[in-house]
1. Looking at (1) assigned to a helix (DSSP H, G or I); (2) touching a residue at least 40 places away in the same chain (Cβ under 8 Å), which one does Glu27 not meet, given that it meets all the others?
2. Just to be sure before I move on: is Ala32 at pLDDT below 90 and out of contact with any helix residue (DSSP H, G or I) (no Cβ under 6 Å at 6 or more places or on another chain) in the structure I sent?
3. Scanning the range 16-45 for residues that are surrounded by fewer than 15 Cβ atoms within 10 Å (Cβ to Cβ) and hydroxyl-bearing (Ser, Thr, Tyr), which turns out farthest from the chain's Cα centre (by Cα)?
4. Condition first: in a strand (DSSP E or B) and crowded, with 21+ Cβ neighbours inside 10 Å. Now tell me which residues in the range 1-15 satisfy that.
5. Counting only residues that are part of a strand (DSSP E or B) and among the β-branched types (Val, Ile, Thr), which one in the range 47-93 is surrounded by the fewest Cβ atoms within 10 Å (Cβ to Cβ)?
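The values are calculated or read from the model by the stated rules, or taken from the named source; none is laboratory data. Note that the structure is predicted; figures quoted are calculated from it, not measured. Virtual Cβ from ideal backbone geometry, glycine too; neighbours counted across all protein chains shown.
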Amino acid sequence: MKRILVACGNGIATSTVVATKIREICEENGVAVSVTQCKLLEIDSKVDDFDILVTTGKYGGDSAKIPVVSAMSLLTGIGEEETLEEILNYAKK
């Protein structure tokens, strides 16, 4: 099971939308994931416990040694399918 960390400004609203879409696409494809939400400011203290980092804001930290996916498209709808496919591909590895 892959562990995915979803980060947004406050760790509540937009990360909930993104986390829900990730859970749905993974479930539809039979990929087991655990999705946790947090604030962007919490990434550096939490990222080591996860396999994939998905953000809805700017993340300039380089402490992440895991794949980082920018997921603004999951909020705007523009390029959403490509972003979900990228996350799904990482989750399948």
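1. That leaves (2) as the condition not met.
2. no
3. Ser45
4. Ile4, Leu5, Val6, Ala7, Cys8
5. Val68
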